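Before any comments, here is the structure.
The values are calculated or read from the model by the stated rules, or taken from the named source; none is laboratory data. This is a predicted model, so every value here is computed, not measured. Counting neighbours? That spans all protein chains shown, and the Cβs are built from the backbone with ideal geometry, glycine included.
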Amino acid sequence: MASTTKKEPKTQSKNKIKGVLFDWDGTLLDSFQADSSAYLAMFSEMGITWGLEQLAEHYSPNWYNVYRAAGLPEQHWSTADTAWRKHYSGFRPKLIPGARKVLTAVGRRYKLGLVTSGDRDRVLRQLREFRLTKSFHARVCSGDTEHKKPHSEPLNFALQCIGLKPANCVYVGDSPEDVQMAKSAHVRVIGVLGPFPTEKRLRASKPDLLLTSIADLPAALKQLAS
């Protein structure tokens, strides 16, 4: 008697999750203290009297938007970048609790990618320190594309690198810019609350799912797939 195999419905197969791409700072790396301290020290050097309240109100993964909000003239941005890196270098941020375990579990089932606004030198150094470089099939950082988040170009470039279509991928991030980028690229998006002051705006951006912890991601992916 001939055997038969049950085929997946075409729509389910078309949208099957094959890749999961992540933001870095605030999603996998607990870097708010280092990031904010470097900002405030840099602003002090530049004669800008901002505190944590102003930084929280105007925070963006595109730091040039922060510079604009602070009234820093564009001709001083390069000097500000150098000062920020100098102050940040004194910190050694840790991974978000549970992040390594989640990457291991999710990486067994899906291709992983990283799409971050962070400087390539800094992010790759941190990936080496945490022995996570080989966890990701693609690593897209600031400067790898002409446009930054929330433009779709960084995510589109990562999809090209891992050879997957938008319908087969999910992006995970902690900021409204992450959600906007993913939606612009037609990629499903999971928001996760992290240490950066983005919760209110992240909720308002309406990700497909919103998690209180990165540890909930494996279960959320199953929910999104169903």
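General observations
- Residues satisfying the stated conditions in segment 74-116, i.e. charged (D, E, K, R) and over 17 Å from the mean Cα position of the chain (by Cα): GLU74, ASP81, ARG85, LYS86, ARG92, LYS101, ARG108, ARG109
- Counting the residues of segment 117-136 that are more than 13 Å from the chain's Cα centre (by Cα), among the hydroxyl-bearing types (Ser, Thr, Tyr) and within 22 Å of MET181 (Cα to Cα) gives 0.
- Given (1) of a type in the set (Gly, Ala, Ser); (2) surrounded by fewer than 19 Cβ atoms within 10 Å (Cβ to Cβ); (3) at pLDDT 95 or above, index of the condition ALA80 fails: (2)
- Picking from residues in segment 38-65 that are charged (D, E, K, R) and over 22 Å from the mean Cα position of the chain (by Cα), the one that is surrounded by the most Cβ atoms within 10 Å (Cβ to Cβ) is GLU45.
- When segment 177-226 is filtered for residues that are out of contact with any Pro (no Cβ under 8 Å at 6 or more places or on another chain) and of a type in the set (D, E, K, R), the ones remaining, listed by number, are LYS183, ARG188, GLU199, LYS200, ARG203, LYS206, ASP208, ASP216, LYS222.
- For segment 19-130, the helices (runs of 4 or more DSSP H) that sit wholly inside it and include 2 or more residues that are touching a helix residue (DSSP H, G or I) at 6+ places or on another chain (Cβ under 7 Å) and of a type in the set (Gly, Ala, Ser) are 32-45, 77-88, 99-107.
- Scanning segment 115-132 for residues that are modelled with pLDDT under 95 and among the polar types (S, T, N, Q) turns up just one, SER117.
- Scan of segment 171-187 for residues that are touching a residue at least 60 places away in the same chain (Cβ under 8 Å) and either among the charged types (D, E, K, R) or out of contact with any Phe, Trp or Tyr (no Cβ under 8 Å at 6 or more places or on another chain) (or both), ordered by number: ASP174, GLU177, ASP178
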